[in-house]
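J.: Just passing along the structure, written as structure tokens.
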Amino acid sequence: MMLSGFFRLGVWQNFFRAWRGGYTGNLEGEGFTLGGVYVIGAGTQGILLEHREKEFGDKVSLPSVLEAAEKIKPQAS
């Protein structure tokens, strides 16, 4: 996203939401890497949930993570 990330309205909205919530973060690292969340099932279940950040501060829905985690079936040993 590099420099274009600073001009996106959603990035600034996410920044102010986090700041109002008390999150301060840190200033270490390169700062241009977007994150993601994966819920991966056992064995051949594969990926049950995939969320990739589209812009800085894009959060995954906690209920969707919990729903995907409940679908994980134990693998027979």
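The values are calculated or read from the model by the stated rules, or taken from the named source; none is laboratory data. Keep in mind it's a predicted model, so treat the numbers as computed, not measured. Methodologically, a virtual Cβ is constructed for each residue, glycine included, from the backbone with ideal geometry; neighbour enumeration extends over all protein chains shown. Areas reflect the complete protein model, heavy atoms only, side chains present, ligands, DNA and RNA absent. Shrake-Rupley method; radii C 1.70, N 1.55, O 1.52, S 1.80 Å.
J.: So, for the chain, what is the accessible surface per residue at a probe of 1.4 Å, expressed in square angstrom?
T.: 83 Å²
J.: Now a separate question. Can you tell me which of G36, G46, G57 moves the most in a GNM of the chain? Springs connect C-alpha atoms under 10 Å apart.
T.: Evaluated over the chain, the most mobile residue of the options is G46.
J.: Also, quick follow-up: Determine the calculated [θ] at 222 nm for the chain from helices alone, applying -39500 (n - 2.57) to every DSSP H run no shorter than 4 residues and normalising by the residue count; nearest 500 deg cm²/dmol. Spell out each step's value before the answer.
T.: Numbers: 2 runs with 21 residues, N = 77.
Value at 222 nm, helices only, nearest 500: -8000 deg cm²/dmol.
J.: Still on this structure, I have one more. At 7 Å along the Cα-to-beta-carbon direction for both T24 and L9, put a label point, then send me their distance in nm to one decimal.
T.: Those two pseudo-labels are separated by 3.2 nm.
J.: In addition: For V60, V11, what's the largest-to-smallest order of accessible area, 1.4 Å probe?
T.: Heavy-atom accessible area, descending, gives V60, V11.
J.: Continuing with this model, one more query. At R0 = 22 Å, how high is the FRET efficiency between R17 and E53 if r is their beta carbon distance? Nearest 0.05 is fine.
T.: Numbers: r = 14 Å, r/R0 = 0.65.
E between R17 and E53, to the nearest 0.05, is 0.95.
J.: Still on this model: For the chain, take the longest principal axis of its alpha carbons; what is the angle in degrees between that and the long axis of helix 9-20, to the nearest 10 within 0 to 90?
T.: Result, in degrees: 90.
J.: Moving on. Scan the chain and report its longest stretch carrying no chymotrypsin sites (Phe, Trp or Tyr not before Pro) that are both in a DSSP loop and have at most 10 other Cβ atoms within 10 Å.
T.: Details: sites that count: Y23, F32.
So the longest stretch without any such site is 33-77.
J.: For I40 and K73 in one chain, what is 0.36 nm times their gap in residues minus the Cα-Cα distance, to one decimal in nm? Don't skip to the end; give the middle numbers.
T.: On the way: separation 33, 0.36 × 33 = 11.88 nm, distance 1.05 nm.
Length gained, I40 through K73: 10.8 nm.
J.: Taking the Cβ of H51 as the center, what net charge do the other residues with Cβ under 9 Å away carry, scoring Lys and Arg +1 and Asp and Glu -1? Before the final figure, lay out each step's value.
T.: Values: positive: R52, K59; negative: E50, E53, D58.
Combined, the nearby Lys, Arg, Asp and Glu give -1.
J.: Around F16, with a cut-off of 15 angstrom between Cβ atoms, what is the net charge of the other residues, counting Lys and Arg +1 and Asp and Glu -1? All intermediate terms of the calculation are to be shown ahead of the outcome.
T.: Values: positive: R8, R17, R20, K59; negative: E55, D58.
Here the charged neighbours net out to +2.
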